[in-house]
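**Student:** Here it is: the structure, laid out below.
Derivation of every value follows stated rules applied to the coordinates shown; laboratory data play no part. Note that the structure is predicted; figures quoted are calculated from it, not measured. In this analysis, Cβ positions are derived from the backbone assuming ideal geometry, glycine residues included, and neighbour counts consider all displayed protein chains.
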Amino acid sequence: MAVISYREALRAAMRDELNRDENVVIMGEEVAQFNGAYKVTEGLLKEFGPKRIVDTPISEAGFIGLGIGASMLGIRPVMELMFWSFSYVAFDQIVNNAGNIRYMSGGLINCPIVIRGPANGGTNVGATHSHTPEAILASHPGIKVVCPATPYDAKGLLKAAIRDNDPVYVMENTILYNDKGEVPDEDYIVPIGVADVKRIGTDLTIVAHGRAVITSLKAAEILEKDHGVSVEVVDLRSIRPLDEETILKSVRKTHRALLVEENKPFCGVDAQVAYLIQSKAFDELDAPVHRVSSIDAPQIYCKRMEDLQMPSVERVVAEALKVLA
Amino acid sequence: MAKPAVLTHPESLKHPAGPSAYAKDPVNASMTKEAKIALYTKMARIRHFEQRCIRIYQQGKIGGFLHLYVGQEAVAAGTISLLGKNDHIITGYRDHGHGLMVGMGMNECMAELTGKVTGCSQGKGGSMHYFAPDKNYWGGHGIVGGQAPLGTGLAYAVKYQGLKGSCLTYMGDGAVNQGAVHEAYNLASLWDLPVIFVVENNGYSMGTSQERSTAHPGCLAKRAEGYNMAWDVINGHDVYEVRAKTALALKRAHEESKPTVLEIFTYRYFGHSMADPDKTYREKEEIKTYRDKKDPVLLFEQELLREKVLTPELSQTINEAAMAEADKAAIFADESPDPTLADITKHIYWEEDNRGPKTTSRGTIIFE
Amino acid sequence: MAEIIDMPKLSDTMSVGTLVKWNIKEGQVVAFGDILAEVETDKATMELSCTVPGTILKIYAAAGAQLPVGAPICAIGKKGEKAPEPTAAPAPKAPATAVPAIPEKAEVSCVPAAPASSGSAAPQSDASRTKASPYAKRMAEKAALNVASLSGTGPGGRVVGRDVAAATSAPAPAASSGPLNVAVAPPADGKGIQPDGDLPVGGMRQTIARRLLESKITVPHFYLEVEVDAAPLMAMRESLNKRLAEAGGEAAIKLSVNDFILKASAEALRRVPAVNASWAGTSIRQHGAVHLSFGVALEDGLVTPVIRDAHAKTLKDIAVEAKLLIGKARSKKLTPGEMSGSTFTVTNLGMYGVTGFFGIINVPNAAILSVGATIKKPVVDAHDRLVVGHRMVIGLSGDHRVVDGANAAQFLQALKQLLEEPALMLI
């Protein structure tokens, strides 16, 4: 098994699927000639040519809408958003058109589009480029949202997304692009809607997604070493569909839960997870569910403060100790 | 508010009534007698279907919005009558006429309006959201201008698949100021996509006349020049003219894979929707002038009577049959069952409706 | 075949419309698109255009009427065809209210209640309640332990899982507490008084529920009560009925106690017109005519038909009209017009032996009169002697925004005088 980066894993997934299905098209701003704003699509133009790898103008509502229309006729576009923050100018296309068309047509039409790109803060780029819209988008029935945290999951989830017959929005993280991990060369997918227990433990369940998984794993190590606490870390991987069983199974074992995400707290993904736990595992709880999210403000520019605004290992450890009290 | 002026939308009235100058255009001259009668029949069916809807709406059986097409029939009829198997159609929320033109049945259309499970979208779409992908009809879209990028994408798919086809992407005159439309124009021209943007200009974006909504150099279609696209204007009261000029745009799409903007002057007799009191922004006299002098169904009937294709008797038979068909559809819609509670959560995800070992999704996707 | 045109739904949110004006007359020929009437919706005044060409056979609703969507307004058909009988609208908006059945005796107050004394502080959490996590409770239940007997080591003394675990691994406590849950007593044997279950709610019931709830929570009700000497009324009724029966023929109508109350109410409103009014948001609308509605109980609810211009009608007129309306109400033939536009409402539960009650105001009326049974009881007469009296208790619920205690009392005073000297009504 090769050790490759998260970025390379995404590229490998696209290459596999471009080879597997001639209807797969990669489209987005700077994806072809420029080799990708974050080099995720590097080399694909050379390998597959301009019909399959298409540069678009800066025109998100236009080209995302175009991709949705094309997907209705059987094309399988994989659209890159330079940042998910830019999805906001294409919201009508992403939500109203892609998310509703199957429903409103009584099942006559489906929309197998993939939209992917980074959705993260922490890169010192200010509020407009640091949005994490997974909760906003996942709150629309008709849409699927996945947030891979590791190279293995990035490849497996993107391949599953491209093969999926519904709109799947893949939210990546620029800070993770260089993270390396073991990724099989052979064909595999990570089914959408299956969480992954990234660390096994007995005293506390931490539920996280995206980069918060990495933060939580580091916190778990400190909790074990310095406080003698055994922490289980559940990586959601997919926001909608949500693997409720894996979350509940872990909470039934540890009886305590801490939810960590890089979203702002109000109506974040973990608001839903907290509801789920109290609703379906109330009698298992030995302490209230706690959350760690970004401090509730637009993303601050100042890097020193931004690092404090987002969930850090220290904050996760401190909050975990409160749950364990 | 500006005082409503009589005839705020006079462009189409400049065209004289009387025999169509386009009757001899090859695309019309080559029509058989049967084809002409069929086209007239389709226009009459749209007219009577829509008029029947008014009563059902007033009885409270049609919920929400109802945007009528009465007065604009020649646009859908003329353009769609030219299409072949790789030509696609997408439009905004004034979508009943297009649906009937592509061959949707009155029953499924009427039942959709009353929210019944026998409706074309099983009661999930409603008036603004008709779909018939088997007939190349991709809706029926509720947000003004939102369908323009989708239509461009359908044209992209046709081209990608190497087919000689097109996508007729309809919108109203109110849509031309939406950003998504301009983005679609740009992409269509930039990538040489076989899309025809049909601006059905009925003079009003809801209650705002074109003069009060749109900065333009004389006609809306001319904006195409800014995107290096071909354009034309059409008198939408003359179905022959609609056909003749649309045929040129289709040829451009099929032969050269190039887009076109067509602005078709037309007029709606009823409000923007049924909830529109329809008297704050235009005078009754204006509506009457159009009804009396420019009615597309009436003008085509007269044309065909002159050509001796139609007889008054045949016309009466056609209209009575359309009325009877609409009445039957009303009864069908009335008697059809509602969707069930369980139906609410169907047709959201393909993978969920078809869950099996091969589908990619697991987990909870519909939440309590 | 003739078609009945209903009050149309002219906007996505419209539920009631007002017929502002008719543009057509009965007998007139109309074509598709002709403007039949102007209708005021919640959004605007709109034109109702004709969708059924033909001849106007009948107009059911007068200009000015406020009708729910779906109520018949006219019929169109072939010339000479008979107009169909419209069935009453499924859920009339204006009518069906004024409920006698909810006695509210207690709160007779015409002045705002004094604020509650602020002696007690905000409720404190009950210190005696044992804080325990759900998980600890479940563990304790399994181990037959009472969590209250454990000392908690969690935040704020919460009993948590480890506390229960420590207790169960320790020697069993000497006095083991009993099971936490007392079993619910099984239902008594035999059958219930009716099957359990939910009954579907029809349109009339929904209208009653909606309108009375709206009245009760938005109208500041106050309540006055007066006891009336009903003996003279009884005597007059007996004598008049005897004469009417003797006269026979068309005149042979039997006057009910309620007819007298209706007549007396109309007269009392003439004397104290302030009560014949409505709250209109920013003004008080006074009504020139008395349109008297009265409750008619039906098997599945009740309706309130209206006697129009009751102030100008004789006792006999009122009796005849009331009888007619009651008949129509029971056979569900009342038109929306016959159930709307009242200015005052009378309800009567005397026939059930109810001695006194207060109805909920039939909005937009300013008051509702609630009439109890006439009962024999000892009273002290003018000569301070204890005698057998025929007394009737009458309650008045008033809308304090429109009328105050004093003018409501004046109204009751006038009503009492009319009922105790019934000859005055006949003048």
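**Student:** Quick check: pseudo-label points 7 Å beyond the Cα along Cα→Cβ at A:E245 and C:D381, how many nm apart are they?
**Tutor:** Between A:E245 and C:D381, the simple spin-label model gives 9.0 nm.
**Student:** Another question, if that's okay. What is the P(r) of the stretch B:140-270, as percent of Cα-Cα pairs per 5 Å bin from 0?
**Tutor:** Computed distribution, short to long bins: 2, 12, 22, 25, 20, 13, 5, 2, 0.
**Student:** Can you list the equivalent-ellipsoid semi-axes of the stretch A:112-209, largest first and in whole Å, using the square root of 5 times each Cα gyration tensor eigenvalue? Intermediate results must be reported in sequence, preceding the final value.
**Tutor:** Numbers: eigenvalues 83, 75, 50 Å².
Taking √(5λ) for each Cα gyration eigenvalue gives 20, 19, 16 Å.
**Student:** So if I place +1 on the C-beta of Lys and Arg and -1 on the C-beta of Asp and Glu, and nothing else carries charge, what would the dipole magnitude of the stretch C:203-426 be about its Cα centre? I want it in debye, nearest 20. Write out the running numbers ahead of the final one.
**Tutor:** On the way: 26 positive and 21 negative charges, 107 e Å.
Value, rounded to 20: 520 debye.
**Student:** While we're looking at this one, here's another question. Aspartates and glutamates within cross-link reach of C:K131: Cα-Cα under 19 Å, excluding same-chain residues under 8 positions apart?
**Tutor:** Correct list for C:K131: A:D283, A:E284, A:D286, C:E141, C:D163.
**Student:** Semi-axes of the stretch C:370-427's equivalent ellipsoid from the Cα gyration tensor, sqrt of 5 times each eigenvalue, largest first, rounded to whole Å?
**Tutor:** On the way: eigenvalues 130, 44, 28 Å².
Output for the stretch C:370-427: semi-axes of 25, 15, 12 Å.
**Student:** What per residue convex hull volume, in Å³, do the alpha-carbon atoms of the stretch C:300-387 yield? Spell out each step's value before the answer.
**Tutor:** Working: hull volume 13.8 nm³, N = 88.
Value for the stretch C:300-387: 156 Å³ per residue.
**Student:** Just to confirm the filter: which chymotrypsin sites (Phe, Trp or Tyr not before Pro) across the stretch A:130-235 are DSSP coil and have at most 16 other Cβ within 10 angstrom of their Cβ?
**Tutor:** A:Y188
**Student:** Quick check on the stretch B:65-221: what are the equivalent-ellipsoid semi-axes from the Cα gyration tensor, as sqrt(5λ), descending, whole Å? Please list the in-between numbers first.
**Tutor:** On the way: eigenvalues 113, 88, 34 Å².
Whole-Å semi-axes of the equivalent ellipsoid: 24, 21, 13.
**Student:** For peptide B:126-132, how many partner chain Cβ atoms fall within 10 Å of a residue's Cβ, on average? Display every interim value, and only then the final one.
**Tutor:** On the way: counts 1, 0, 1, 6, 2, 9, 3.
Going residue by residue through B:126-132 and averaging, the value is 3.
**Student:** Mind listing P(r) for the stretch B:251-342? All alpha-carbon pairs, 5 Å bins, whole percents.
**Tutor:** Reading the bins upward from 0: 3, 9, 10, 10, 13, 15, 15, 13, 8, 3, 1, 0.
**Student:** Something else: In Å, the Kirkwood hydrodynamic radius of the stretch B:129-208 over pairs of distinct alpha carbons? If you can, show how the numbers build up before the last one.
**Tutor:** On the way: mean 1/r = 0.0770 Å⁻¹.
Kirkwood hydrodynamic radius for the stretch B:129-208: 13.0 Å.
**Student:** A further question on this structure: So which trypsin sites (Lys or Arg not before Pro) in the stretch B:113-201 are both in a DSSP loop and have at most 16 other Cβ atoms within 10 Å of their Cβ? Each step should come with its number before you reach the end.
**Tutor:** Working: sites: B:K116, B:K124, B:K135, B:K159, B:K164; in loops: B:K116, B:K124, B:K164.
Here the trypsin sites (Lys or Arg not before Pro) that fit, given the DSSP loop and packing criteria, are B:K164.
**Student:** What does the average come to when, for each residue of peptide A:159-168, you count the partner chain Cβ atoms lying within 10 Å of its Cβ? Intermediate results must be reported in sequence, preceding the final value.
**Tutor:** Working: counts 1, 3, 1, 1, 4, 6, 8, 10, 2, 3.
Counting other chains' Cβ atoms within 10 Å and averaging over A:159-168 gives 4.
**Student:** What FRET efficiency, computed as 1/(1 + (r/R0)^6) with R0 = 41 Å and r the Cβ-Cβ distance, is obtained for B:A215 and B:D353, rounded to the nearest 0.05?
**Tutor:** Values: r = 46 Å, r/R0 = 1.13.
It comes out at approximately 0.30.
**Student:** I've got another one for you. log₁₀ I(q)/I(0) of the stretch B:11-353 at q = 0.08, 0.12, 0.16 Å⁻¹, via Debye over equal Cα point scatterers, no solvent, to two decimals?
**Tutor:** -0.36, -0.84, -1.51
**Student:** How many Cβ atoms of partner chains, on average, are near each residue of B:156-163 if near means within 10 Å of its Cβ?
**Tutor:** Working: counts 11, 12, 3, 1, 11, 6, 0, 1.
Shielding by partners across B:156-163 averages 6.
**Student:** Which translational diffusion coefficient, to the nearest whole µm²/s, is obtained for the stretch B:102-162 from the Stokes-Einstein equation, given a Kirkwood hydrodynamic radius over C-alpha pairs, 10 °C and 1.306 mPa s?
**Tutor:** Values: Rh = 12.4 Å.
The diffusion coefficient I find is 128 µm²/s.
**Student:** Which of rounded, prolate or oblate describes the stretch A:2-183 when judged by the alpha-carbon gyration tensor and an a/c cut-off of 1.5?
**Tutor:** Here the stretch A:2-183 falls in the rounded category.
**Student:** Going toward the positive end of the dipole of the protein assembly as shown, with +1 on Lys and Arg Cβ and -1 on Asp and Glu Cβ, which of B:G363, C:T335, B:G64 do you reach last?
**Tutor:** Final value for the positive-end residue is C:T335.
**Student:** Which log10 I(q)/I(0) values, to two decimals, does the stretch B:8-138 give at q = 0.13, 0.14, 0.23 Å⁻¹ under the Debye formula with one point per Cα?
**Tutor:** Log-scaled intensity ratios, in q order: -0.60, -0.69, -1.40.
**Student:** Where nothing but the Cβ of Lys and Arg (+1) and of Asp and Glu (-1) is charged, how large is the charge dipole of the protein assembly as shown around its Cα centre, in debye to the nearest 20?
**Tutor:** On the way: 119 positive and 128 negative charges, 320 e Å.
Dipole magnitude for the protein assembly as shown comes out near 1540 debye.
**Student:** Which of B:K116/C:K9; C:K9/C:K333; B:K294/C:K9; C:K58/C:K332 have a Cα-Cα distance over 26 Å? Please report the intermediate quantities before stating the final value.
**Tutor:** Details: B:K116/C:K9 19 Å; C:K9/C:K333 23 Å; B:K294/C:K9 30 Å; C:K58/C:K332 20 Å.
From B:K116/C:K9; C:K9/C:K333; B:K294/C:K9; C:K58/C:K332, over 26 Å: B:K294/C:K9.
**Student:** Hey, another quick one. Starting from one equal scatterer on each C-alpha and no solvent at all, send me the Debye-based log10 I(q)/I(0) for the stretch C:216-314 at q = 0.12, 0.16 Å⁻¹, two decimals.
**Tutor:** Those come out to -0.58, -0.96, one per q.
**Student:** So which lysines can B:K33 reach, going by Cα to Cα under 17 Å and dropping same-chain residues fewer than 8 places off?
**Tutor:** Straight-distance partners of B:K33: B:K24, B:K42, B:K308.
**Student:** Given a Förster distance of 45 angstrom, what is the FRET efficiency for B:A342 paired with A:K253, based on the Cβ-Cβ distance and rounded to 0.05?
**Tutor:** On the way: r = 34 Å, r/R0 = 0.76.
Once rounded, the FRET efficiency stands at 0.85.
**Student:** Given 0.36 nm per residue, what is the gain on full extension from A:Q33 to A:D296 after removing their alpha carbon distance, in nm? Walk me through the numbers on the way to the answer.
**Tutor:** Values: separation 263, 0.36 × 263 = 94.68 nm, distance 3.88 nm.
Gain in length upon complete extension: 90.8 nm.
**Student:** So if the hydrodynamic radius of the stretch C:3-77 is defined as the Kirkwood radius over C-alpha pairs, what does Stokes-Einstein give as its diffusion coefficient at 37 °C and 0.692 mPa s, in µm² per second? Walk me through the numbers before you get to the answer.
**Tutor:** Details: Rh = 12.0 Å.
Reported coefficient: 273 µm²/s.
**Student:** Shifting gears a bit: Assuming R0 = 60 Å, can you tell me the calculated FRET efficiency for the pair C:L424 and B:R291, based on Cβ-Cβ distance, to the nearest 0.05? Intermediate values should be presented prior to the final figure.
**Tutor:** Working: r = 65 Å, r/R0 = 1.08.
The calculated FRET efficiency here is 0.40.
**Student:** Can I ask one more? Which shape class, rounded, prolate or oblate, goes with the protein assembly as shown when its Cα gyration tensor gives a ≥ b ≥ c as root eigenvalues, a/c under 1.5 marks rounded, and past that a/b bigger than b/c marks prolate?
**Tutor:** Details: a/c = 2.78, a/b = 1.21, b/c = 2.30.
Oblate shape, in that a/c is at least 1.5 and b/c is the bigger or equal ratio.
**Student:** Got a sec? Charge dipole of the protein assembly as shown, +1 on Cβ for Lys and Arg, -1 for Asp and Glu; which of C:Q66, C:V228, C:F411 is way out at the positive end?
**Tutor:** Going by the Cα projections, it comes out as C:V228.
**Student:** Considering only DSSP states other than H, G, I, E and B, which trypsin sites (Lys or Arg not before Pro) in the stretch C:20-75 qualify as loop sites with at most 14 other Cβ atoms within 10 Å?
**Tutor:** Numbers: sites: C:K21, C:K25, C:K43, C:K58; in loops: C:K25, C:K43.
Those that pass, being in a loop and sparsely packed, are C:K25, C:K43.
**Student:** To continue, here is another question. Label points 7 Å out from Cα along the Cβ direction at C:M1 and A:A2: separation in nm?
**Tutor:** 7.6
**Student:** Local charge sum around B:A148 (other residues, Cβ-Cβ under 12 Å, Lys/Arg +1, Asp/Glu -1)? Please report the intermediate quantities before stating the final value.
**Tutor:** Values: positive: none; negative: A:D92, B:E183.
For residues surrounding B:A148, the net value is -2.
**Student:** Further question: Can you compute the radius of gyration and Dmax for the stretch C:203-426, using only the Cα atoms, both in Å?
**Tutor:** Rg, Dmax (Cα atoms, Å): 17.4, 55.
**Student:** Given 20 °C and 1.002 mPa s, compute D for chain A with the Stokes-Einstein relation, Rh being the Kirkwood radius over Cα pairs; round to the nearest whole µm²/s. Intermediate results must be reported in sequence, preceding the final value.
**Tutor:** Details: Rh = 20.0 Å.
Diffusion coefficient, whole number: 107 µm²/s.
**Student:** Something else about it: Can you list the lysines whose alpha carbon sits under 24 Å from that of A:K218, skipping same-chain ones fewer than 8 residues off?
**Tutor:** Cα-Cα hits under 24 Å: A:K155, A:K180, A:K198, A:K249, A:K253, A:K264, A:K303, A:K322.
**Student:** Please name which of A:G117, B:A44, A:T205 has its Cα lying farthest along the dipole of the protein assembly as shown towards the positive end, using unit charges on Cβ (Lys, Arg +1; Asp, Glu -1) and the Cα centre as origin.
**Tutor:** B:A44
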